[in-house]
Amino acid sequence: MKQESQERFVDAWGAMGALWGINRSVARVHALLMGSEAPISLDEIAERLSISKGNASMSLRELRGWGVIRPVQVPGDRRDFYVTEPDVWIMFFRILQERKRREFDPALRAVQGLLEEPGASGEVRARLEQMTDLLNTLEGLGGRFLKDPATSRTALTLVSKLTVPSKGRKKKP
């Protein structure tokens, strides 16, 4: 991959990650690893992204925690090098599982906790009960989706191929 193309990818992935609530440096490090053929060292990551080694190290730690990168050894070199998970579908499901654990689960527990507390009544209570019902429905759907990534991948592929006729468009005979 040309360096210019890789830089555009790194910047675009970093911007998208920031929009999704992921630290921009973390997303950029991930993109650099995804677009690299060979393992990359901490020093090289910091240099190529023009970030400090500390920032690069924290980003690598975060990505390891998500399970989307791993350290590898390069023969003849004592430093750690890093590579990304080669299967993007596995990476996708690991990210979903981690986001669910970090973001969705605490939100569900917080709403349920509000319902257990005295004081919520009337419209507020009804809204919280609806929110709990919605989040529990999403929890069930998410649990099934994340339980079997291979089946979920097949289902996503199938759903993506379905076409929905838009309003005003005539069906072909």
* Residue list for the range 67-81, restricted to those being surrounded by 15 or more Cβ atoms within 10 Å (Cβ to Cβ) and more than 20 Å from A46 (Cα to Cα) -> G67
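Among the residues of the range 91-124, how many are under 28 Å from A56 (Cβ atoms) and either without any contact (Cβ under 8 Å) to a residue 40 or more places away in the chain or out of contact with any Pro (no Cβ under 7 Å at 6 or more places or on another chain) (or both)?
Final tally of qualifying residues: 12.
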* Would you be able to say whether some residue in the range 132-152 is surrounded by 15 or more Cβ atoms within 10 Å (Cβ to Cβ), over 22 Å from W20 (Cβ atoms) and either without any contact (Cβ under 8 Å) to a residue 60 or more places away in the chain or small (G, A, S) (or both)? => yes
* Within the range 104-127, how many residues are β-branched (V, I, T) and under 32 Å from the mean Cα position of the chain (by Cα)? -> 1
* Structure fact -> The correct count of residues that are without any contact (Cβ under 8 Å) to a residue 40 or more places away in the chain, farther than 19 Å from V88 by Cα and surrounded by fewer than 18 Cβ atoms within 10 Å (Cβ to Cβ) in the range 22-50 is 6
* To do: Tell me which of these T84 doesn't satisfy, since it passes every other one: (1) surrounded by fewer than 17 Cβ atoms within 10 Å (Cβ to Cβ); (2) under 21 Å from R8 (Cβ atoms).
  => (1)
* Filter the range 43-96 for residues that are among the β-branched types (V, I, T), assigned to a loop (DSSP other than H, G, I, E, B) and farther than 28 Å from G143 by Cα and give the result. => I51
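Take the range 23-42 and flag every residue that is within 19 Å of Q6 (Cβ to Cβ) and in a loop (DSSP other than H, G, I, E, B).
Answer for the range 23-42, where residues must be within 19 Å of Q6 (Cβ to Cβ) and in a loop (DSSP other than H, G, I, E, B): G35, S36, E37, A38, P39.
Has the range 15-23 got at least one residue that is polar (S, T, N, Q) and either modelled with pLDDT under 90 or over 12 Å from the mean Cα position of the chain (by Cα) (or both)?
Checking the range 15-23: not a single residue is polar (S, T, N, Q) and either modelled with pLDDT under 90 or over 12 Å from the mean Cα position of the chain (by Cα) (or both).
Residues checked against (1) in contact with a strand residue (DSSP E or B) (Cβ under 9 Å, 6 or more places away or on another chain); (2) outside the structural domain of L146 (by TED's automatic domain parsing):
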residue	(1), (2)
H30	yes, yes
A46	no, yes
S52	no, yes
M58	no, yes
G76	no, yes
L108	no, no
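Criterion first (surrounded by 17 or more Cβ atoms within 10 Å (Cβ to Cβ) and either more than 21 Å from the chain's Cα centre (by Cα) or more than 20 Å from S25 (Cβ to Cβ) (or both)) does K100 satisfy it?
Numbers: surrounded by 17 or more Cβ atoms within 10 Å (Cβ to Cβ): yes; either more than 21 Å from the chain's Cα centre (by Cα) or more than 20 Å from S25 (Cβ to Cβ) (or both): yes.
For K100, the condition - surrounded by 17 or more Cβ atoms within 10 Å (Cβ to Cβ) and either more than 21 Å from the chain's Cα centre (by Cα) or more than 20 Å from S25 (Cβ to Cβ) (or both) - is met.
The values are calculated or read from the model by the stated rules, or taken from the named source; none is laboratory data. Everything quoted here is computed from the prediction, not taken from an experiment. With ideal geometry, Cβ positions are generated from the backbone for all residues, glycine too; neighbour counts draw on all protein chains shown.
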